[in-house]
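The values are calculated or read from the model by the stated rules, or taken from the named source; none is laboratory data. Predicted, not measured: the structure shown is a model, and the values here were computed from it. In this analysis, Cβ positions are derived from the backbone assuming ideal geometry, glycine residues included, and neighbour counts consider all displayed protein chains.
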Amino acid sequence: MVVVVVDRPTTPAVKAASVLALAVAVERFISLKRDRILPPEFVTGVRDAFAGGSADQAIEYCASRPSPISNVFKAGIGRVKHGPESVEKAIEDAGAREVDKLKRSLRPLAVIANVAPLLGLLGTVYGMISAFQSASAMGVGKADRLATGIYEALVTTAAGLTLAIPVLVVYQLLCSMVDRLVDHMDEEAIDFLEFAAYSKAGHVKPAPAKPADGGKGPADASPALTA
């Protein structure tokens, strides 16, 4: 993504933008790996901590493993005592904040993709001005000098587009990665909401056991059919 162009007033800016775009793209591809956003075994661990009898223990577990998903779960667990609706609202708010953070981290690439063609165009304008000034100073019959100046000026526009197009493609790829991660976070949050719906005052309500031998069920269950 590093672009070499003919020296113009905007050339340093185009070169710096290409290096910055490369650095940001590499860093974002590494940071947006699923293991960093949704650490393996995190959901199982936080459920075990939550089922251990203390919401505070689950919150400490989340705090000890900082990640976007842990921030979402920590916000929801902190509202368990206020009911499922409060937990759902807290998870939605925290999730929106984490998604916004992930999207904001891609903003430099969007800015570079939009500004690079303008920098190239600006360099071309400067080059055209310089070419016509030179042709005017040399007088009539110097078309070859004018053509050379125009050619050199257009190189900066090509350089800006050469930078902007791959940066825009990378930006869209990273946005797709974020969208997939958000979908996974939503799925985990929904599962946790169902899990937390059985809680009361931070303690998990055990699910009723299913009789293995066809024995008696709960008192209000329908009687078994007899021959």
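Summary of values
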quantity	calculated
Selection from region 107-130 of residues that are crowded, with 20+ Cβ neighbours inside 10 Å and aliphatic (A, V, I, L, M)	109, 112, 113, 116, 119
Pair list, Cβ < 8 Å and 6+ apart or interchain, from region 31-55 residues that are closer than 22 Å to residue 178 by Cβ to residues that are among the hydroxyl-bearing types (Ser, Thr, Tyr) and surrounded by 12 or more Cβ atoms within 10 Å (Cβ to Cβ)	31/105; 36/67; 37/67; 38/67; 39/67; 39/70; 42/67; 42/70
Residue check, residue 144 acidic (Asp, Glu) and modelled with pLDDT of 85 or more	no
Close pairs from region 66-90: first without any contact (Cβ under 8 Å) to a residue 12 or more places away in the chain, partner surrounded by fewer than 21 Cβ atoms within 10 Å (Cβ to Cβ) and in a helix (DSSP H, G or I), Cβ under 6 Å, at least 6 apart	79/86; 79/90
